[in-house]
Every structure is written in structure tokens, then in C-alpha cells.
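Written out below as C-alpha cells is the structure these notes cover.
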């Protein structure tokens, strides 16, 4: 059973280059060298660098690098959060986080800006550090590496 650790909330903000998926900027290193801690994913949001321009953005968080940010596969256990921000076509903000997501190792972020190439995408990720049993860490890592099959 996972229990919340005191002072365990982690809020990360930054900017990611659109269209990348396997570079250093895409990898968010969470592993602390211990197998008795994990992070619960609470929230994922994206927004444009220039919000006054008409544009459409897509973002995705995964537990392994994923080159296809514009296609969402909710049955894929490696995909853990999805976000959309639009001012032109859809006029909405959307964010979905897989409720049962726990991360022991690393997280990967990728984004796409349909309208403005190279503009980048702002992001906010909120995680909660949890105390877990070491055997739970093993099962979490197997699941996050898509070795457990569909969610």
C-alpha cells in the first residue's frame, strides 16, 4: 500500500521543443536510486509560449520515449497523461491523467504545435512522492515498460 510522504509534492514547469521525443529535454528523471519510493501523477497541463496567437497544441507524458505525440492510445500503459490546448479549431483546454499512474523510474514528455513550428510548448506537471514496498516497485516498473499488456 502506498502512503504519501511528507513534503512529497513536486511541481515541475518548463518549456519543451515541439516535435521531440527522445532527447535530454524530453526525459524527466525521477528515479532516486531507491525502490521504496514512487511518484503518483496528479496533473499535466500545457499552454503556448504566445497565447495571443491562434494555435493548437498537443502534449503527452509516457514512461518510455514515444515518437507519436499526435496519436493517443489510452490502452497503452506507457501513455500516462494527455493534454490539448487550442484557440483555432477546438476552442478548448483538455487534460487527462491516468488515475492509477505510479512512476518509479523516469517520465518522458513530448509535444506538438500544429500552427507554429519551433515555438515550443509550456508545461506543468504535478507529482506526489509516495512510500511503497520494494516488491510494489518491481510490478510498477514492469507495467510502465509495457510488459504487462494492455491496461
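Summary of values
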read-out	value
Strands (runs of 3 or more DSSP E) (entirely within the stretch 10-124) containing at least 1 residues that are over 14 Å from the mean Cα position of the chain (by Cα) and buried (at least 18 other Cβ atoms within 10 Å of the Cβ)	37-48, 56-62, 79-86, 106-113
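Listed here are the residues, each with its yes/no results for (1) more than 30 Å from residue 8 (Cα to Cα); (2) modelled with pLDDT under 90.
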site: 62; (1), (2): no, no
site: 65; (1), (2): no, yes
site: 70; (1), (2): yes, yes
site: 73; (1), (2): no, no
site: 79; (1), (2): no, no
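The values are calculated or read from the model by the stated rules, or taken from the named source; none is laboratory data. Source: prediction; values computed, not measured. Cβ coordinates were reconstructed from backbone atoms using ideal geometry, including for glycine residues, and neighbour counts include every protein chain displayed.
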